[in-house]
Amino acid sequence: DGGITQSPKYLFRKEGQNVTLSCEQNLNHDAMYWYRQDPGQGLRLIYYSQIVNDFQKGDIAEGYSVSREKKESFPLTVTSAQKNPTAFYLCASFGLAGVPGELFFGEGSRLTVL
Amino acid sequence: KQEVTQIPAALSVPEGENLVLNCSFTDSAIYNLQWFRQDPGKGLTSLLLIQSSQREQTSGRLNASLDKSSGRSTLYIAASQPGDSATYLCAVMGTTDSWGKLQFGAGTQVVVTP
């Protein structure tokens, strides 16, 4: 089955630690995105990548880093510089030949800072 | 900057009633508007996508309308069922945005009681 796999589903982090969230897709989609969701707020874009080895900052990139070495994979690192990392993180992908804006989402990763 | 608002934030209806969910946006220069469903702790599932040139889209019991000039969209769910209980989010893609850069509302949490 084609889809987007995020792991881990739940992650706990101590303050000062970096953590990496995994996102893998087998949809052969060109573009991938990371969104952050906080209670009572809409999703906010962290980073996105439309092609391998290239990515752009979204609206809230500070304290995060990404890489896009393979088309299928777009991992997100939450660094110790991110002041309030506790949130629900969603990865999405989009085929550039598809309907513009029609994103497919993974099941999310919930990060809690202890 | 595009702002997307969904009112009310929460809604409870008895089974069988029709649901009416509202979404407003401040910048009418949109490429499309999309409605998503999110179950607790899960990712987003696309329900309907309306292109800016369209007035409405329908899928089964769901109907979404778009009035770009007034910056409004409405999602109608006919004959609600307990399985419709979820959070519904709307998102717009602006005409100057890269593909996949969506601006989300905070969502309306719906509870359908048996």
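The values are calculated or read from the model by the stated rules, or taken from the named source; none is laboratory data. From a predicted model like this one, the values you see are computed outputs, not experimental measurements. We place every Cβ from the backbone using ideal geometry, glycine too, and count neighbours over all the protein chains shown. For the accessible areas, the whole protein counts, side chains as well, though only heavy atoms, and no ligand, DNA or RNA atoms are used. Shrake-Rupley method; radii C 1.70, N 1.55, O 1.52, S 1.80 Å.
Does A:GLN37 satisfy the condition of being within 14 Å of chain B (Cβ to nearest Cβ), surrounded by fewer than 16 Cβ atoms within 10 Å (Cβ to Cβ) and closer than 27 Å to B:THR5 by Cβ? Answer is no for this residue. The residue list B:ALA106, B:ALA86, B:ALA64 contains one member that is at the interface with another protein chain (Cβ under 10 Å from one of its Cβ atoms), surrounded by 18 or more Cβ atoms within 10 Å (Cβ to Cβ) and not hydroxyl-bearing (Ser, Thr, Tyr), which is B:ALA106. Within region A:99-114, the set of residues being touching a residue at least 24 places away in the same chain (Cβ under 8 Å) and either closer than 21 Å to B:GLY94 by Cβ or touching a Pro at 6+ places or on another chain (Cβ under 7 Å) (or both) comprises A:LEU103, A:PHE104, A:PHE105, A:SER109, A:LEU111, A:VAL113.
Does region B:10-18 contain at least one residue that is within 12 Å of the chain's Cα centre (by Cα) and either open to solvent by 50 Å² or more (accessible area, probe 1.4 Å) or within 14 Å of chain A (Cβ to nearest Cβ) (or both)? No, that holds for no residue. Quick check on my filter: what residues within region A:1-21 are open to solvent by 20 Å² or more (accessible area, probe 1.4 Å), away from chain B (no Cβ under 14 Å) and either of a type outside the set (A, V, I, L, M, F, W, C) or within 17 Å of A:PHE74 (Cβ to Cβ) (or both)? Once the filter is applied, which keeps residues that are open to solvent by 20 Å² or more (accessible area, probe 1.4 Å), away from chain B (no Cβ under 14 Å) and either of a type outside the set (A, V, I, L, M, F, W, C) or within 17 Å of A:PHE74 (Cβ to Cβ) (or both), region A:1-21 yields A:ASP1, A:GLY2, A:LYS14, A:GLU15, A:GLY16, A:GLN17, A:ASN18, A:THR20. Kindly indicate whether B:GLY71 is in contact with a Phe, Trp or Tyr (Cβ under 8 Å, 6 or more places away or on another chain), more than 14 Å from every other protein chain (Cβ to nearest Cβ) and open to solvent by less than 40 Å² (accessible area, probe 1.4 Å). Spelling it out, B:GLY71 is indeed in contact with a Phe, Trp or Tyr (Cβ under 8 Å, 6 or more places away or on another chain), more than 14 Å from every other protein chain (Cβ to nearest Cβ) and open to solvent by less than 40 Å² (accessible area, probe 1.4 Å).
Could you list, in sequence order, the residues of region A:73-88 that are open to solvent by 20 Å² or more (accessible area, probe 1.4 Å) and either under 13 Å from the mean Cα position of the chain (by Cα) or of a type in the set (S, T, N, Q) (or both)? Scanning region A:73-88 gives A:PRO75, A:THR77, A:THR79, A:SER80, A:GLN82, A:ASN84, A:THR86. Looking only at region A:60-88, how many residues end up being of a type outside the set (Gly, Ala, Ser), in contact (Cβ under 8 Å) with a residue 40 or more places away in the chain and either touching a Lys or Arg at 6+ places or on another chain (Cβ under 6 Å) or more than 22 Å from B:GLY43 (Cα to Cα) (or both)? Number of matching residues: 3. Within region A:89-114, the set of residues being over 12 Å from the mean Cα position of the chain (by Cα), surrounded by 15 or more Cβ atoms within 10 Å (Cβ to Cβ), outside any strand (DSSP E or B) and within 7 Å of another protein chain (Cβ to nearest Cβ) comprises A:PRO100, A:GLY101, A:GLU102, A:LEU103. Counting only residues that are polar (S, T, N, Q) and in contact (Cβ under 8 Å) with a residue 60 or more places away in the chain, how many does region B:23-54 have? Of the residues in region B:23-54, 3 are polar (S, T, N, Q) and in contact (Cβ under 8 Å) with a residue 60 or more places away in the chain. Whenever a residue of region A:45-59 is more than 15 Å from A:GLU69 (Cα to Cα) and within 12 Å of chain B (Cβ to nearest Cβ), its partners that are open to solvent by 60 Å² or more (accessible area, probe 1.4 Å) and assigned to a strand (DSSP E or B), lying with C-beta atoms within less than 9 angstrom and at least six residues away or across chains, give the pairs A:LEU45/A:LYS57; A:ILE46/A:LYS57; A:GLY58/A:ARG44; A:ASP59/A:ARG44. Determine which member of the set B:ALA29, B:ALA10 is hydrophobic (A, V, I, L, M, F, W, C) and modelled with pLDDT under 95. The unique qualifying residue is B:ALA29.
Going by the structure shown, is B:SER46 of a type in the set (S, T, N, Q) and facing another protein chain (nearest Cβ under 10 Å)? Spelling it out, B:SER46 is indeed of a type in the set (S, T, N, Q) and facing another protein chain (nearest Cβ under 10 Å).
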